[in-house]
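These notes concern the structure reproduced below.
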Amino acid sequence: MSPVLEVHELHKAFGGIKAVNGVSFSVREGEILGIIGPNGCGKSTLFNCILGQLEPTQGSVKLDGRDVTNLRPSALNRLGVSRTFQLLQVFPELSVRENLILAGQEHQGSMLGRLFGARDAGLSEKAEQMIGFFKLGHLTDAKAGGLSYGQQKLLDAAMAFMAGPRLVLLDEPAGGVNLTMLGDLKERLRAINAEQGATFVVIEHNMDFVMSLCSRVIVLAEGRMLAEGTPAEVRANPAVIEAYLGH
Amino acid sequence: MSAPATASAARPASRSRLRDGALLALVLGAAILWFAPAGMGRYGTYVLSLWLVMSIAVMGLNLTLGYAGQTSLAQAAFMGLGAYATAILTTTYGVNWYAAFALSGLLTFCIGILLGFPALRVRTHYLAFVTLAFSTLIWLLLRNEQWLTGGVFGIANIKRPVFFGLRLDGALAFHRFLVAVTLILALALWWLVRSPWGRAFMALRENPVRAASLGVDTRAYTLLAFAIGSAYGGFAGALYAPLVEFIDPSPFSLSQSLFLLLMVVAGGSGYLLGPFIGALLGVVLPEWLRFAGSLYLIIFASIVLMLLIICPQGVSGLAERGWQALRRGRPAGGAP
C-alpha cells in the first residue's frame, strides 16, 4: 500500500540558515508518527513546508502519491489534511459551536451553495458530537476567547478533526496542558485513530506523551534526521541521547 | 481549573442574541422612519434621508472592516462612482434609474474585485494603501474629466426614480422610498453575516492563517468582502445622486472616505446596527450642533474621541456592555 504522506529530500533555507536540510520520510495509513528534537531543530518549519504555509527551497511532498508541494493551505485542507498549531489558534470572538462549524463548513458543497444554504451548513449535530467527544459540553455557547488555555487546546484539536480528515499534523498538542487534560487528549487521539483510521504526525516535547502515543518516532537535529525507529529504539540510540535526551 | 476562568468561559456569546434583536430593531426603525418626517419640513426630511444614504455606505464599509477586517480608504470614492454612474446614465443616456442602480452596484463590485487582487499578496495595510491611491485617482477623474463628469460644475437636474407609476419627486415620497431600499439592503447584509459566508469573513478578521488551515479560501473571501462592501458604496451613491439632484466631486474626496471610516468605528464596527449609529453621529449630530457655529467640528471630534477612549467598540459596544451589566445585576436564578 502506498504511504499517505511522502516527504522527499525537503530543504528550507532562510538566507544562510538551513532550517530543514534534506528530510525524507513517509507515513503509512493509520500510523501515529512522532517527530521530536531540540528547540530550533526545524520541526515546525518542516510542518509549515509540508502544509504549504512556507515554500520549500527544494524537495517534494506527496499525498496518496499525488504531488501537493506548494499547494495552498486551504486547498490541502480540503483534500483531507488538517493541522493544529503550536500556539493557540482559535477564533476568540466566535462561540465554541461557531468555531467548530467554521472548521467544517468549507468542506460542504459549493461557495454559492453555502451562501444560500443552511446557516449552520448542516453541521450543528456534528459540532455537538465533537463538543461531547472533547468534553466541552458546558461551553457550547461560550466565546472561545473566554475558555481556559487547556480548554482552548481541546477546542483547537476538535476543530482539526471536525471535517473528518485523513491526515492530521499536530504541533505540540500537549504544550501547556495539565496532566488530567493530557490524559483526556491522548485517549481522544487514540480513539479517533482506532475508530476512523485517521493518520497522525505529532510534534511534541513531552517525551512520555510521544513515547506512549506513537508507534514510530523520528528525531530531528539541526534540520537533519538523526534517528528513526520505535520509541524503545530511539530511546536507546546513543546519538539521540547525546543530542536531546541527555540534556 | 480555576473558578474565575470557568465563570468567564460560561458567559454566553451575547453577540448572537444581540444580532437577532438587531433584526427587530431594523424593522421597527424602518416603520418609525416611514412616518418620522411628519411635521419636520423639507429640510428635516432631507437630513433624515441623507442619514439613510450614508448608513448604506457605512454598512458596506462595516462589512469590509468590521466583519472581514480589511481596511478600505475608498468608500467615498466608490460612492462617487455609483453617484456619477447613475447621474450620467439617467441624465445623458436616459437609462431607467433601477437599471442604473443595479449597474452602479455591479460596477463598484467589479472594481472592488480588481482592487482587491494586489492586496492579497501582502497583509491588510496594503489594501489601505491601494485604496488610498484609488481614492485620489477617482477624485482627480471626477474633477478633471469635464467631458464626462462636468468637472467642478458637476451634473445637475438628476431625476428621481418613479415607483410603479408613482412619482417620487416630493421629499416625503422619496424619503419613504429610501426607507424601503435601506431596509432591503440592511436585511440582505443581515442575511449575509449570519450565513456561512459571514462566519468565514469573521474568521478572516480574527485569524487568517488558521482559517486557511481549515479550508477557508482566504483569497476568495477577502475579495468578496471588499467587493460587496464596495458595492454598498456604489448603491449609496446611486441613491445619493437623485436625493441631492446635483452632484460635484467634493463629497467623494479622501477626507470623506476617512469620515466614513470614523463612522464605522464610532458606531461600533462588527455590529449590524453600528453603521446607523455611526452615520447618525456623522450626519445628524452636525445639524444639532449648528448652534455652536464654527466650534461644531471641535465638539464633534471631542465626542468621538471620548467615546473611543471609554469604549473602543463604539456606541454598539457601549450598549452591549450596559446590557451585560444589567444582566449581571439581576439575581443569577438560571445559573448552574
| field | With at most 15 neighbouring Cβ atoms within 10 Å, loop GluC sites (Glu not before Pro) (DSSP) excluded, longest segment of chain B | value | B:1-144
| said: For region A:5-245, what does the relative contact order come out to in percent, with C-alpha contacts under 8 Å and a separation of six or more? | reply: 28 percent
| note | chain B, Gaussian network, Cα under 10 Å: of B:Leu127, B:Leu185, B:Leu239, the residue fluctuating most is B:Leu185
| said: Rounding to the nearest 10 and keeping the result within 0 to 90°, find how far the Cα-based axis of helix B:75-91 lies from the longest principal axis of chain B. | reply: 30 degrees
| Summing +1 for each Lys or Arg and -1 for each Asp or Glu, what net charge is found among the other residues whose Cβ lies under 13 Å from the Cβ of A:Ala221? | 0
| query | Over all Cα pairs of the protein assembly as shown, how is the pair count split among 20 Å bins, expressed in % and running from 0 up to the last occupied bin? | reply | 19, 44, 28, 9, 0
| note | The helix B:97-121 Cα axis meets the longest alpha-carbon principal axis of chain B at an angle in degrees, between 0 and 90 and rounded to 10, of 60 degrees
| field | Additional length obtainable on full extension of the chain from B:Gln146 to B:Tyr43, 0.36 nm per residue less Cα span | value | 34.0 nm
| said: With the alpha-carbon atoms as the only input, what is the per residue convex hull volume for region B:187-336 in Å³? | reply: 185 Å³
| query | By a straight-distance test (C-alpha under 19 Å), which aspartates and glutamates pair with A:Lys126 as possible cross-link partners, with residues fewer than eight away in the same chain excluded? | reply | A:Glu98, A:Glu106, A:Asp141, A:Asp156, A:Glu195
| task | Mark the label point 7 Å from the Cα of A:Leu112 along Cα→Cβ and return the residues of region B:147-189 whose backbone N is within less than 20 Å of it. | result | B:188-189
| Environment charge at A:Asp64 (Cβ cut-off 13 Å; Lys +1, Arg +1, Asp -1, Glu -1) | +1
| Amide H contacts of A:Glu172 (H built 1.01 Å from N, under 5 Å, at least 5 apart or other chain) | A:Ile203, A:Glu204
| remark: The Kirkwood hydrodynamic radius of region A:5-245, taken as the inverse of the mean 1/r over all distinct Cα pairs, in Å, comes to 18.6 Å
| note | For chain B, the longest principal axis of the Cα atoms and the Cα long axis of helix B:296-310 enclose an angle in degrees, to the nearest 10, of 20 degrees
| query | Of all the C-alpha pairs in chain B, what % are more than 25 Å from each other? | reply | 54 percent
| remark: Amide H neighbours of A:Gly22 at under 5 Å, excluding residues fewer than 5 places away on the same chain, with H built from the backbone geometry, are A:Leu10, A:His11, A:Lys12
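No lab work stands behind these numbers, since they all come straight from the coordinates. Just so you know, these numbers come straight off a predicted model, no measurement behind them. Neighbour counts run over all protein chains shown; Cβ positions are idealised from the backbone, glycine included.
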